[in-house]
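Encoded as structure tokens, the structure appears first; notes follow it.
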Amino acid sequence: MEWLIGCWVFIGILVGWYWIKEKKKIETKHGLPEGNLGWPFIGETLEFIASGYTSQPVSFMEKRRSLTLGQNADMSFLASWYGKVFRTNILGTPIIVSTDPEVNKVILQNHGSTFIPAYPKSITELFGKNSILQINGTLQKRVHALIGGFLRSPQLKARITKEIEHSVKFTLSTWKDMHEIYVQDETKKITFEVLVEALMSIGPGEDMNFLKREFEEFVKGLICIPIKFPGTRLYKSLKAKERMLKVVRRIVEERKTALRNTNEKPPIIDFVDVLLRDIEESSEMQRLPYDFITGNIIELMVPGEETMPTAMTLVVKFLSDCPVALEKLMEENMELKKMKTDSSEGYTWTDYMSMQFTQNVISETLRLANIINGVWRKALKDVQIKGYSIPQGWCVLASFSSVHMNENNYENPYRFDPWRWEKMGAAVNNNFFTPFGGGQRLCPGLELSRLELSIFLHHLVTSYRWVAQQDEIVYFPTVKMKRKLPIRVTPIST
Ligand code: HEM
């Protein structure tokens with residue numbers, strides 16, 4: 001027994017010695033940003049995760065960005081002041097974190113030849129090597145342009161406005177009969193169906209229900225321990241993806257056959273059409289494989305299940321806590337509703353998007369919620385940005401939340417204040433406001449997201465009142481309401 005304990009102690013010492021040696025080697029490398037790699041294996045992960053469970057999720061970054069400046073009389077504080085760019089070790093990865101908007105901009109723009117995306121292993125396993133999140137260079141540019149072109153096309157805008165409107169009105173009408181609504185769950189019914197309809201023209205029914213069920217199983221594995229054998233989370237999610245692929249393949253096949261059997265070029269109505277048309281018109285060298293299409297279609301459903309419902313839930317939360325903003329939002333939306341009722345005209349994409357205060361509410365929600373708190377990249381070569389060295393092979397985290405929650409950029413950053421955007425001007429993506437990322441990978445769903453949120457808000461505030469129960473936002477591993485935001489809804493008579 002004593003012999004065994006002795007062995008363990010020896011192994012412990014050996015591992016500790018090796019860790020210290022490796023850490024020193026890394027830390028002495030010329031020009032690396034200041035910082036601390038923390039404990040062996042776990043690094044500074046525990047503190048990082050703990051901050052995600054507080055109301056100030058960027059406290060981990062804040063502390064390192066401006067730690068103890070001016071507190072010690074003997075000047076020793078300089079050793080622990082890391083600055084806007086620092087190194088750490090979180091979630092099993094030694095990483096350089098940037099909280100500097102200018103450095104973030106370079107990281108986002110230098111994509112492809114210098115930085116490539118670096119996602120956790122569970123995500124890369126589930127999405128596969130053809131995923132838009134993993135492809136790079138000209139292929140990524142091409143697929144990005146196809147998605148962006150489709151999402152911004154006037155045909156889709158007209159069609160999707162009606163579809164979102166219909167789905168929002170229908171879903172809201174079911175809320176009034178329910179004793180309690182969990183906004184986080186209920187909003188998925190709107191966003192998932194709208195997206196699947198736009199991607200593949202599947203309406204409500206068996207296929208939609210099947211995809212919804214399997215997709216819920218699929219996304220559970222996006223952040224999990226990346227071990228793949230029967231019974232593990234990752235394995236179950238991969239199996240769900242296989243089952244979904246069968247349905248998507250069948251739909252693509254049916255569409256391919258229909259396309260072959262017609263002499264005319266049918267109009268493009270969904271994303272399957274966009275990709276099939278691209279395949280048809282591309283040279284053999286450039287042709288995307290059919291498996292590429294099916295995989296990417298499944299991946300494009302993620303915002304319908306995750307990001308969009310979270311944005312809708314948080315806007316309800318912020319408005320529930322800020323009655324003045326809700327009042328002003330109602331006024332603006334009631335005005336539009338009256339105009340539309342008086343003229344008996346339907347709403348257009350532009351009607352919804354032109355309400356300025358509503359757009360400010362959306363910008364403020366995106367700033368404060370930080371649904372995607374930053375992006376992870378890996379350096380393909382040694383890079384120097386603003387005097388900081390990022391060595392080849394290192395991961396970098398361009399932290400958007402640290403910029404959005406920095407009081408030097410936003411006065412009272414933790415306050416929900418849609419009026420701040422009146423002073424700051426239009427909420428276009430600039431270095432200080434990047435909820436949709438930037439550069440070559442700027443989210444192609446940016447306008448669609450704003451439209452969906454605008455339509456949801458319009459019909460919610462002009463037809464209903466609600467009372468929200470006490471709930472808190474949790475920021476780790478992804479932004480969510482702790483209790484899924486329970487509310488009670490009553491219709492108003494106008
Ligand atoms: C509030 C909602 C949303 C937020 C906050 C959001 C945020 C983001 C961010 C930050 C990125 C950049 C990732 C990176 O640089 O690695 C991104 C990429 C992307 N988003 Fe969104 N997104 C939202 C909704 C949507 C919607 C509705 C769609 C449409 C289907 C969409 C499709 C995509 C795609 C395809 C990419 C990958 C682009 C590429 O790598 O070239 N997103 N999104």
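The values are calculated or read from the model by the stated rules, or taken from the named source; none is laboratory data. Please read these numbers as outputs of a predicted model, since none were measured by experiment. Quick reminder, even Gly has a Cβ in these numbers, built from the backbone with ideal geometry, and neighbours come from all protein chains shown.
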Exercise for the section: Collect the residues in the range 348-380 that are of a type in the set (D, E, K, R) and crowded, with 20+ Cβ neighbours inside 10 Å, keeping them in residue-number order. Expected result: GLU364, ARG367, ARG377
Problem - Selected residue (only one of ASP321, ASP270 is away from the ligand (no atom under 14 Å from the Cβ) and in contact (Cβ under 8 Å) with a residue 60 or more places away in the chain) - result: ASP321
Practice task
Could you tell me whether the range 180-189 includes any residue that is surrounded by fewer than 15 Cβ atoms within 10 Å (Cβ to Cβ) and under 28 Å from ARG465 (Cα atoms)?
Solution key: yes
Exercise for the section: Inspect all residues belonging to the range 136-153 and state whether any of them is free of Cβ contacts under 8 Å to residues at least 60 places away in the same chain, more than 15 Å from the ligand (Cβ to nearest atom), outside any helix (DSSP H, G or I) and over 19 Å from LEU453 (Cβ atoms). Expected result: no
Fill in the blank from the handout: Taking the range 418-462 and the residues there that are within 13 Å of the ligand (Cβ to nearest atom) and hydroxyl-bearing (Ser, Thr, Tyr), the one that is nearest to GLN359 (Cα to Cα) would be SER454
Practice task
Could you identify the single residue in GLU306, GLU345 that is buried (at least 19 other Cβ atoms within 10 Å of the Cβ) and of a type in the set (Asp, Glu)?
Solution key: GLU306
Practice task
Kindly indicate whether any position in the range 191-209 is among the polar types (S, T, N, Q), away from the ligand (no atom under 12 Å from the Cβ), in a loop (DSSP other than H, G, I, E, B) and under 30 Å from SER354 (Cα atoms).
Solution key: yes
Handout entry: Residue selected from the range 471-494 under the condition of a type in the set (A, V, I, L, M) and in contact (Cβ under 8 Å) with a residue 40 or more places away in the chain, by the criterion surrounded by the most Cβ atoms within 10 Å (Cβ to Cβ)
Key = LEU485
Exercise for the section: Tell me, yes or no, whether the range 162-182 has at least one residue that is assigned to a helix (DSSP H, G or I), over 30 Å from ILE116 (Cα atoms), within 22 Å of the chain's Cα centre (by Cα) and within 16 Å of the ligand (Cβ to nearest atom). Expected result: yes
Problem - Total residues in the range 439-470, condition closer than 30 Å to ALA50 by Cβ and surrounded by fewer than 20 Cβ atoms within 10 Å (Cβ to Cβ) - result: 3
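Table: residues versus (1) within 19 Å of ARG450 (Cβ to Cβ); (2) within 12 Å of the ligand (Cβ to nearest atom).
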| site | (1), (2) |
| --- | --- |
| MET285 | no, no |
| GLU299 | no, yes |
| THR307 | yes, yes |
| ALA311 | yes, yes |
Problem - Residues satisfying the stated conditions in the range 346-402, i.e. under 24 Å from LYS169 (Cβ atoms), away from the ligand (no atom under 16 Å from the Cβ) and either in contact with a helix residue (DSSP H, G or I) (Cβ under 8 Å, 6 or more places away or on another chain) or not in a loop (DSSP other than H, G, I, E, B) (or both) - result: GLY346, TYR347, THR348, THR350, ASP351, MET355, GLN356, PHE357
Problem - Any hit, the range 176-189, residues being at pLDDT below 90 and in contact with a Gly (Cβ under 6 Å, 6 or more places away or on another chain) - result: no
Practice task
Just give me the residues in the range 112-123 being within 24 Å of ILE390 (Cβ to Cβ) and modelled with pLDDT under 90, in sequence order.
Solution key: GLY112, SER113, TYR119, PRO120, LYS121, ILE123
Exercise for the section: Check the range 408-431 and report whether any residue there is touching a residue at least 40 places away in the same chain (Cβ under 8 Å), under 16 Å from the mean Cα position of the chain (by Cα), surrounded by fewer than 18 Cβ atoms within 10 Å (Cβ to Cβ) and assigned to a loop (DSSP other than H, G, I, E, B). Expected result: no
Practice task
Looking only at the range 454-469, decide whether some residue is modelled with pLDDT of 95 or more, more than 26 Å from ILE223 (Cα to Cα) and assigned to a loop (DSSP other than H, G, I, E, B).
Solution key: yes
